[in-house]
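The values are calculated or read from the model by the stated rules, or taken from the named source; none is laboratory data. What you see is a predicted model, and the numbers here were worked out from it, not measured in a lab. Glycine also receives a Cβ, built like all others from the backbone with ideal geometry; neighbour counts cover every protein chain displayed. The accessibility values were calculated without ligands, DNA or RNA, using every heavy atom of the protein model including side chains. Shrake-Rupley method; radii C 1.70, N 1.55, O 1.52, S 1.80 Å.
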Amino acid sequence: MRAGTRPQHLLPAQDNHAAMGYQRQDPVIPLQRDLDDRETLVSEHEYKEKTCQSAALFNVVNSIIGSGIIDFSLVLLIKGGALSGTDTYQSLVNKTFGFPGYILLSVLQFLYPFIAMVSYNIIAGDTLSKVFQRIPGVDPENVFIGRHFIIGLSTVTFTLPLSLYRNIAKLGKVSLISTGLTTLILGIVMARAISLGPHVPKTEDAWVFAKPNAIQAVGVMSFAFICHHNSFLVYSSLEEPTVAKWSRLIHMSIVISVFICIFFATCGYLTFTGFTQGDLFENYCRNDDLVTFGRFCYGVTVILTYPMECFVTREVIANVFFGGNLSSVFHIVVTVMVITVATLVSLLIDCLGIVLELNGVLCATPLIFIIPSACYLKLSEEPRTHSDKIMSYVMLPIGAAVMVFGFVMAITNPQDCTHGQEMFYCFPDNFSLTNTSESHIQQTTQLSIVNISIFQ
């Protein structure tokens, strides 16, 4: 445990780039009597239906949890929109850095949610296949409970229909359900940390705080916490949106999300230490009925989070190639094409860890650290000693370092992937481990460490 999709409402002005499918985004903020009212970023073409603040909060929490790192960056992003008179991430960067910045951001904004969609498919296929294997009388080798069939079925029956909505406000209740299921899953993970943890051997370096490749974790955390790519869309769904209201919403959302993420990470690592997989549920044994229920909830959660990312990819395509507006026909065509490609890719990749790392360091990191800071530094007329500018000066080089070194380490030190394999401590045969590490396990005398009764 993790930024925008925007509605098709922009009012682009034709320029010399029109032939390339690019249109400059003019400010759409009406003149205000008071300078502070520049914080209102609602155009006359925004959604007619507004979600209440609580629905927006669940959309943000769902985005962060589903597939974030700092609330300051999210507030900075909206402040940049207020300073530039823009109401989308793309138009903000276009106004600040011109066409090259616009294209770079569009590529990042498309790749991040697209890869997130792939990762969600991988999770749904891996997780739900193990759920259906627990149905009495079902052959584990049955093709209809395999990950490929489940990914295809969930796409056709759930993710595609939900992704065809044009208004993200429609996903407010879906996000509420997803957040509720996440809380339930957390309870299961905590319960198993108590009941299963003592029976799983600890790796010899389990309590080392950080290793040389710890920067790889920053990439994964960036992937987890990012919601910048749909921040403006959620912001526009607020009733009477202002920077102050957005700040309160973000602080609340981040606190909830960080709390959930910390508990997930802590309970998961305390249970499995160095054996922890990129997908935590890959660590649990298949005959664990309680975890089977947790897997079902988890699969439903990622399926319900998936449409949030599809909104972003579709919006990027709409802005770059269609001037920000898609007809009903093209809306359907683009959605189906994006989901089809994401589904095909997810059928070919089955290791989640490397997907999260690369997406985090290459896409999430610049979207979180680099671009919001760079935009604010260029737009703001505050003195260099202003707190917002100081934080921006700090975030920008940190983001650049994480992006470069994180990529190098992800390639040179890839995570081990035990996709689809039952972990050694799940076998009913009795054994003990006197010296364990991530790469070497020394089996000795026959002692009862794992008993099937643990999972009943």
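Summary of computed values
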read-out: Where 288, 350 fall by accessible area, highest first, once all protein chains stay in place (1.4 Å); value: 350, 288
read-out: Nearest-10 value in Å² for the accessible area of residue 363, using the 1.4 Å probe; value: 10 Å²
read-out: Proximal lysines to residue 130, defined as alpha-carbon separation beneath 26 angstrom and excluding residues fewer than eight positions away on the same chain; value: 202
read-out: Surface/4 estimate of mean projected area, convex hull on alpha-carbon atoms of the stretch 170-278, nm²; value: 8.6 nm²
read-out: Solvent-accessible surface (1.4 angstrom probe) belonging to residue 141, in square angstrom, nearest 10; value: 150 Å²
read-out: Net charge, residue 286 excluded, C-beta distance under 13 Å - Lys, Arg +1, Asp, Glu -1; value: -2
read-out: At q = 0.07 Å⁻¹, base-10 log of I(q)/I(0) for the stretch 53-415 (Debye sum, equal scatterers on each alpha carbon); value: -0.30
read-out: Residue order for 279, 139 - accessible surface, 1.4 angstrom probe, largest first; value: 139, 279
read-out: Peptides 104-114, 402-412 ordered by average Cβ neighbours within 10 Å, highest first; value: 104-114, 402-412
read-out: Solvent accessible area, Å² - residue 396, 1.4 Å probe, full protein context; value: 50 Å²
read-out: Flagged links, alpha-carbon separation over 32 Å, of 211/378; 95/245; 79/211; 173/245; 95/211; 170/389; value: 211/378; 79/211; 95/211; 170/389
read-out: Within the accessible area of the stretch 122-272 (1.4 Å probe), percent carbon and sulfur; value: 73 percent
read-out: Cα-based shape type of the stretch 101-142, given that a ≥ b ≥ c are square roots of the gyration tensor eigenvalues and the cut on a/c is 1.5; value: prolate
read-out: Accessible area per residue in Å² at 1.4 Å probe, computed on the stretch 93-224; value: 44 Å²
read-out: Heavy-atom accessible area order for 368, 115, largest first, 1.4 Å probe; value: 115, 368
